[in-house]
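All remarks here apply to the structure that follows.
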Amino acid sequence: MNKDKTTPIEKALLIMETMSNHPEELKVAELSELTGLNRTTVHRILGELLAKEWVIQDYKTRKFMIGPMAFHVGMAYTNHNNMESKILEVINTLCEQIKESVGYAIREGDKVISIYETEIHQPYKMNYHPGKFYPINRGAYAKCLMAYYDQDRVKQLLLEQTFEKVAPNTLTDPEEIMQEYAKIRAQGYALSEEEVAPLVMGIGVPVFSKTGEVKGCLACAFLKGQDKDEKVETFLRLFRQGAEQISHYLY
């Protein structure tokens, strides 16, 4: 992005997007470095965002973070079509049944984003949270949703990016990733095994609308163990039932 030609709105959105990707509080200088905008511009825009509560500031450290207005708008998005309570009911039930953290993600354009997460108390944290974007080459969410997206567009996206091998089984080659998507469509679910992190597995099932379009992905992550095959079989059965329940409300 050419920072000299961007509009004030684009600059404000860039700052908000940058802050959303960095959950820690940030100084003006840090935001300037991360966005490529000069400090004066960042300071001015933050002042305007602060006045409208899109950001808040710690009066001691002088650092900024996402504010309540951003949460308000985000909740309006998740409440669209009154689906939140129905999806959360399914997620909470699954969470109780399998004793693992469960979530629901959607594809918006070319991006995969989690919109609901229920995390149970575990000695480990998966660090999944609503509003998080996921790389399209790894993990149950991304693989499941991109497998049912326009494959010509998906191939173009894969060729435009370079993927880092972050775990033993992370897929980085576009052709191998396309083959994985085809496998997911054939079997009807996505399985992730040590693609995101060592010893971490995930399983995701597509959620179809009444017209047959994939609207979301119901998924969970869990630690790999000797009982992994048994868990996959059980989770898959329960998640397919949950996906079918959600599908009844989708058009």
Notebook entry, point to check: Of the residues V102, V112, which single one is at pLDDT 90 or above, over 15 Å from G242 (Cβ atoms), touching a helix residue (DSSP H, G or I) at 6+ places or on another chain (Cβ under 6 Å) and not polar (S, T, N, Q)?
Noted result: V112
Next item on the list: Read through the list (1) closer than 19 Å to F222 by Cβ; (2) of a type outside the set (V, I, T); (3) over 16 Å from the mean Cα position of the chain (by Cα), then give the number of the only condition that Y134 fails.
Entry: (3)
Note to self: Checking the condition assigned by TED's automatic domain parsing to the domain that holds Y128 and either in a strand (DSSP E or B) or not hydroxyl-bearing (S, T, Y) (or both), which residue from I113, I56, I15 passes?
What the structure shows: I113
Notebook entry, point to check: When both residues are 6+ apart or on different chains and their Cβ atoms are under 6 Å apart, which pairs have a first residue that lies in segment 69-93 and is closer than 18 Å to R107 by Cα, and a second that is hydroxyl-bearing (S, T, Y) and at pLDDT below 75?
Noted result: E84/T78
Next item on the list: Being out of contact with any Ser or Thr (no Cβ under 8 Å at 6 or more places or on another chain) and modelled with pLDDT under 95 is the filter here, so list the residues in segment 201-215 that pass it.
Entry: T211, G212, E213
Next item on the list: Output yes when any residue across segment 234-246 is exposed (fewer than 13 other Cβ atoms within 10 Å of the Cβ) and in contact (Cβ under 8 Å) with a residue 24 or more places away in the chain, and no when none is.
Entry: no
Checklist line | L37 part of a loop (DSSP other than H, G, I, E, B) and either over 20 Å from I113 (Cβ atoms) or without any contact (Cβ under 8 Å) to a residue 60 or more places away in the chain (or both) | finding: yes
Item checked: Residue pairs meeting the criteria (Cβ under 9 Å; at least 6 apart or on separate chains; first more than 16 Å from P23 (Cα to Cα), in segment 53-66; second of a type in the set (A, V, I, L, M)) -> E53/M69; E53/A70
Notebook entry, point to check: Could you say whether any residue in segment 19-30 is of a type in the set (K, R), over 23 Å from P130 (Cα atoms) and surrounded by 12 or more Cβ atoms within 10 Å (Cβ to Cβ)?
Noted result: yes
Margin query: Can you confirm whether L37 is in contact with a strand residue (DSSP E or B) (Cβ under 9 Å, 6 or more places away or on another chain), surrounded by 11 or more Cβ atoms within 10 Å (Cβ to Cβ) and under 23 Å from G131 (Cβ atoms)?
Written below: no
Check: What is the one condition in (1) within 25 Å of the chain's Cα centre (by Cα); (2) loosely packed, with under 11 Cβ neighbours inside 10 Å; (3) modelled with pLDDT of 85 or more that L14 does not satisfy?
Finding: (2)
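The values are calculated or read from the model by the stated rules, or taken from the named source; none is laboratory data. Predicted model, so just to flag it, every value in this text is computed and none were measured. Don't worry about glycine lacking a Cβ; one is built from the backbone with ideal geometry, like all the others, and counts go over all protein chains shown.
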